[in-house]
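To start, the structure under review is shown below, and the notes come after it.
Each reported figure results from applying straightforward, stated rules to the coordinates on display, with no laboratory input. Since the structure is predicted, the reported quantities are computational estimates derived from the model, not experimental observations. So basically every Cβ, Gly included, is an ideal-geometry build from the backbone, and we count neighbours across all protein chains shown.
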Amino acid sequence: MLIVAGTGYVDSDHRDALLESLAPAVRRARTAPGCLDYVVAADPIEPDRVNIYERWESEAHLGTHLAGSAPAPMPEVRAVEVVRYDVSGARPLQG
C-alpha cells in the first residue's frame, strides 16, 4: 500500500474556488482501479492551507493514475509539498 500526503497553500480568498475546480479530478481518482482513498480538503484551522491525502493499493495503480492525469495549471497555488509513503503493514487503531 502507498500513502501520498501533503499540503498546499493558496490565498485564502481563492481556496474554495481551487477546491471546486479540483472536485472532478478527485471524483475520477476515487473511481480509478487501486484507489482506496483520495481527498483534497480545506484545512479547518489555517485558511490558506489545503490538505492532500491519497491511499493506493500498489505502485502500479498509483503509476497508472499519475500517467493518466496531466497536472492542470494552478497559478493561485503558492506552494505545495507532497510526499509518498510506502506502507509495509497496517492494523486497526486500538482506542
Ellipticity estimate at 222 nm from DSSP helix runs (n ≥ 4, -39,500 (n - 2.57)) divided over the chain, nearest 500 = -8500 deg cm²/dmol
Farthest positive-ward along region 2-86 dipole, Cα basis, beta-carbon charges - from V80, A42, T64 = T64
ask   = Where in region 1-21 is the amide nitrogen less than 13 Å from a point lying 7 Å along the Cα-to-Cβ axis of V83?
value = 3-7
Net +/- balance of residues flanking V50 in space, Cβ distance below 10 Å, scoring K and R +1, D and E -1 = -1
request  = In whole Å, largest first, what are the principal axis extents of the Cα atoms in the chain?
outcome  = 39, 37, 20
